[in-house]
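The values are calculated or read from the model by the stated rules, or taken from the named source; none is laboratory data. Because the structure is a prediction, the values reported are computed rather than measured. All Cβ positions, glycine included, derive from the backbone under ideal geometry; neighbour counts span all protein chains shown. Surface accessibility is based on the protein's heavy atoms, side chains included, excluding ligands, DNA and RNA. Shrake-Rupley method; radii C 1.70, N 1.55, O 1.52, S 1.80 Å.
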Amino acid sequence: QVQLVESGGGLVQPGGSLRLSCVASGSIFSVNVMGWYRQAPGNQRELVAAVTRGGTTNYADFVKGRFTISRDNAKNTVYLQMNSLKPEDTAAYYCYGDRSGIRYWGQGTQVTVSS
């Protein structure tokens, strides 16, 4: 089992920044890909960004140039730095980790972008 706990969400004005963190615990050995999805009310969950254990990253087009994903393997933590936030970025953000063909999820953290 892998447990994932997110933090860092909140309310921010348009153009502002937030940094999300996700700490993994449990059987974290060989957790390869970690990343973030988001889900707004009435919408499907969509991939935001992902990073492999080796540092290879992947981003959704709608966050390229604004969001940066990073990973600290020593701390078993993945980060999502979100800059130039827009109202349409408002959603619940979920951390995930893939291990041995199983995807584990965090409980989610709410990001609200509003003036």
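In debye, nearest 20, what is the charge dipole magnitude of the chain about its Cα centre with +1 on Lys and Arg Cβ and -1 on Asp and Glu Cβ, if you could check?
That gives the chain a dipole magnitude of about 180 debye.
Taking the Cβ of Ser30 as the centre, find all other residues whose Cβ is under 13 Å away and add up their charges (Lys, Arg: +1; Asp, Glu: -1).
+1
Counting Lys +1, Arg +1, Asp -1, Glu -1, what net charge surrounds Val63 among other residues with beta carbon under 13 Å of its beta carbon?
Taking every Cβ under 13 Å from that of Val63, the sum is 0.
Can you give the Rg and Dmax of segment 73-115 based on its C-alpha atoms, in angstrom?
When restricted to Cα atoms, segment 73-115 yields Rg and Dmax of 13.2, 43 Å.
Find how much the distance from Ile102 to Glu46 grows on full extension, using 0.36 nm per residue of separation minus their present alpha carbon separation; answer in nm with one decimal.
In short, 18.4 nm is gained.
Would you mind counting up the charge near Val12? Only other residues with Cβ under 12 Å from its Cβ, with Lys and Arg at +1 and Asp and Glu at -1.
Net charge in that neighbourhood comes out at +1.
So which trypsin sites (Lys or Arg not before Pro) in segment 1-79 end up in coil per DSSP with only 10 or fewer other C-beta atoms within 10 Å?
When the trypsin sites (Lys or Arg not before Pro) of segment 1-79 are filtered for loop state and at most 10 Cβ neighbours within 10 Å, Lys64 remain.
Quick one: 3J(HN,Hα) in Hz for segment 31-45, Karplus 6.51/-1.76/1.60 with θ = phi - 60°, rounded, Gly and Pro as x.
6, 8, 8, 10, x, 9, 10, 9, 9, 9, x, x, 10, 6, 5
Heavy-atom accessible area per residue, segment 28-115, 1.4 Å probe: how many Å²?
51 Å²
Between segment 86-115 and segment 4-58, how many Å separate their Cα centres?
5 Å
Just the C-alpha atoms of the chain: what Rg/Rh do they give, with Rh taken as the Kirkwood radius?
Working: Rg = 13.4 Å, Rh = 14.0 Å.
Answer for the chain: 0.96.
Please find the FRET efficiency linking Thr112 to Gln3, where r is the Cβ-Cβ separation and R0 is fixed at 30 Å, and quote it to the nearest 0.05.
Efficiency, rounded to the nearest 0.05: 0.75.
Suppose each label sits 7 Å from its Cα in the direction of the beta carbon; what would the Ser30-Ala74 distance come out to in nanometres?
Distance between the two pseudo-spin positions: 2.6 nm.
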